[in-house]
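Q: What follows is a single structure, and I will ask about it in a moment.
Read the figures in this text as sums done on the coordinates, not as results from a lab. Nothing here was measured: the structure is a model prediction, and the numbers come from that model. Please note: Cβ atoms are built from the backbone with ideal geometry, for glycine as well, and neighbour counts cover all protein chains shown.
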Ligand code: DGL
């Protein structure tokens, strides 16, 4: 069991930003990555679809023999983690926008939060915001349109720059000095954000915290891979394996074979 793989799931390519941190921290673990790119973006789908589809993909990962799951998607975590924990009997690590570390890092106590619309309107996010009341002022903005561009491999083109400028300018004007990258796709925009805003914003993403949380959970359940384990990774996409392979090469500098995955039918969304 200890040398069984860890499942990492995202609506698309964003979870690769989390996989990168897990790979670096836990080099002996085997990983199975699922990009549900056929159905991305989740951030703009009905919430019950996000919940049902996340469960469906995670059941597939369990059937592959995974010992633990990382929901490397804020939107899916917000809408489905509770259901997953009720239905699946294995450690499940979710992600949430890093509001707490951002509030701690901010000197102006004005923090911008860029996340998907579905994350921002979820009850779980509302509770997170309420728990930090008084710590900072949070200026929340839905990054509409960014995920589809990143899915195409565009992380610095004119459309990306235009959208980022639209979303970040009001935050800067309101005195924000810290920006939460509240969607796992957005760390791939870090260099472009830097070019646009210089050092006026400290960027906060939670990829490394998730990797550390995973390491803690594996230790707690006595599930860590043995020191002599030879890891083998699988990269899968519900849309286009060749594109996933190209993107993993471009974004992570890994050359890994990828598989196209069929998990159908998708739950109806209306
Ligand atoms: N990467 C996802 C997140 O962290 C969602 C992107 C999407 O499908 O909208 O929220």
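Q: If I fit a long axis through the Cα atoms of helix 207-220 and take the longest principal axis of the Cα atoms of the chain, what angle between them do I get, 0 to 90°, rounded to 10?
A: Computed tilt is about 40 degrees.
Q: Okay, moving on. For a quick protection proxy, order the peptides 98-104, 61-67, 114-120 by their average other-Cβ count within 10 Å, most packed first. Mind showing how you got there, number by number?
A: Values: 98-104: 20.3, 61-67: 16.7, 114-120: 24.9.
In decreasing order of mean packing, 98-104, 61-67, 114-120 become 114-120, 98-104, 61-67.
Q: Tell me the label-point distance for the pair residue 2, residue 159, using the 7 Å Cα-to-Cβ offset, in nm and rounded to one decimal.
A: Reported label-point gap for residue 2 and residue 159 is 4.8 nm.
Q: Can I ask one more? Could you check how many percent of all C-alpha pairs in the stretch 59-157 are farther apart than 17 Å? Don't skip to the end; give the middle numbers.
A: Numbers: 2943 of 4851 pairs.
That fraction is 61 percent.
Q: Okay, moving on. Mark the label point 7 Å from the Cα of residue 254 along Cα→Cβ and return the residues of the stretch 218-233 whose backbone N is within less than 12 Å of it.
A: Residues 231-233 fall inside that zone.
Q: Here is a further query. Report the calculated FRET efficiency for residue 56 and residue 121 (r = Cβ-Cβ distance, R0 = 30 Å), to the nearest 0.05. Kindly include the intermediate steps, with their values, before the conclusion.
A: Working: r = 22 Å, r/R0 = 0.75.
The value I calculate is 0.85.
Q: Now, a different point. Could you tell me the center-to-center distance, by alpha carbons, between the stretch 80-105 and the stretch 11-56 in angstrom?
A: Using only Cα atoms, the two centres lie 13 Å from each other.
Q: Let me ask something additional. Strictly greater than 20 Å: what percent of every Cα pair in the stretch 26-83 meets that?
A: Value for the stretch 26-83 (Cα pairs over 20 Å): 25 percent.
Q: Now, a different point. Could you tell me the largest-minus-smallest coordinate of the C-alpha atoms of the stretch 122-270 on each of the three principal axes, in descending order and whole angstroms?
A: 50, 39, 39
Q: Computed over the Cα atoms of the chain, what is the ratio Rg over Rh, Rh following Kirkwood? The partial results should precede the final answer.
A: Working: Rg = 17.8 Å, Rh = 18.7 Å.
Looking at the chain, the ratio lands at 0.95.
Q: If you project the alpha carbons of the stretch 187-270 onto their three principal axes, what span does each projection cover, largest first, in Å?
A: Computed over the stretch 187-270, the largest-to-smallest principal extents equal 41, 38, 35 Å.
Q: Of the candidates 248, 224, 174, which one comes out as most mobile in a Gaussian network treatment of the chain with C-alpha springs shorter than 10 Å?
A: Most flexible of the set in this elastic network: 174.
Q: What does the highest-first list of 2-9, 150-157 look like by mean Cβ count within 10 Å?
A: 2-9, 150-157
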